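Just so it is clear, none of the values below were taken in a lab; they were calculated from the coordinates. Predicted model, so just to flag it, every value in this text is computed and none were measured. When we count neighbours, we look across all protein chains shown, and the Cβ atoms used for this are built from the backbone with ideal geometry, even at glycine.
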Amino acid sequence: MTILREITTEWSLVSGGGHLSVMYFDASVAVASQRTALHTFWTSVKAVQSTGTVYTISTAGRELDDATGALTGAWSEASVKNGAGGSGSVPVPDSDQALIQWRTVSIVNGRFLRGRTFVPGLGIGQTAGGNVLGTAVTNIQTAANVLIASAAALEVWHRPIAGSGGSSDAVSTATVWTEFATLRRRRG
């Protein structure tokens, strides 16, 4: 059993707010270190996001048992961590987002345990031939590699089914897609 810390990042895009990135970290690491590493990650990524794209990392959240999904506690850390994109004022459509696939070495139900983070608000100048520009992919990949190498303990969580069978593992590598991805649904 591992206790996971859920840290969310709220997004405000040119089209409005209400967008959210949810990431999980091993709760045995200090939350201030995790939020700082996440802030460093998003600060690197913002170079390819439009100027109307603003992120704010939450200052409080939940801690969960990875095996059962049960709430085990809460965390808070008051320092403000936010930033705005710096890649021109015209964003790509909201449905088009860069995609990071986080990989672990764990196998769950016959498949490698993987997670995803969608990166909203890329600037139109970060596209080439309808895909994510190579330099933007490199920028996001470098930011992901730095986050993995940090002491933040980024995890991928396999949610439990009917209150059991959940698990998590540390992220070992990441891959950034060259094609745009669309987040079609979110688990509730």
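What's the longest bit of the chain with no exposed trypsin sites (Lys or Arg not before Pro), using DSSP loop states and at most 15 other Cβ atoms within 10 Å as the test?
1-183
Rounding to the nearest 10 and keeping the result within 0 to 90°, find how far the Cα-based axis of helix 134-149 lies from the longest principal axis of the chain.
So the inclination is approximately 30 degrees.
For the chain, what does the helix formula give at 222 nm: sum of -39500 (n - 2.57) over DSSP H segments with n ≥ 4, over the residue count, nearest 500 deg cm²/dmol?
-5500 deg cm²/dmol
On a 0 to 90 degree scale, rounded to 10, what angle separates helix 31-45 from the longest Cα axis of the chain?
It works out to around 30 degrees.
Just rank T104, T56, fewest to most, by other beta-carbon atoms within 10 angstrom.
Going from least to most buried by this count: T56, T104.
From the backbone phi of the range 104-110, what are the Karplus-calculated ³J(HN,Hα) couplings (6.51 cos²θ - 1.76 cosθ + 1.60, θ = phi - 60°) in whole Hz, Gly and Pro given as x?
10, 9, 6, 10, 10, 6, x
Given the options I161, I148, I124, which has the most mean-square fluctuation in a GNM of the chain, springs set between C-alpha atoms less than 10 angstrom apart?
I161
Find how many whole Å separate the alpha carbon centroid of the range 12-91 from the alpha carbon centroid of the range 122-188.
Value for the Cα centre distance between the two parts: 13 Å.
Which residue, D94, D26, D66, has the most motion in a Gaussian network model of the chain that connects Cα atoms within less than 10 Å?
Top of the fluctuation ranking is D94.
Could I have the simple spin-label model distance between N82 and I107, label points 7 Å from Cα toward Cβ, reported in nm to one decimal?
Taking the simple label geometry, N82 and I107 are separated by 4.6 nm.
Test of understanding: in a Gaussian network model of the chain with alpha carbons linked when under 10 Å, which of G17, G110, G88 would top the mean-square fluctuation ranking?
Most flexible of the set in this elastic network: G110.
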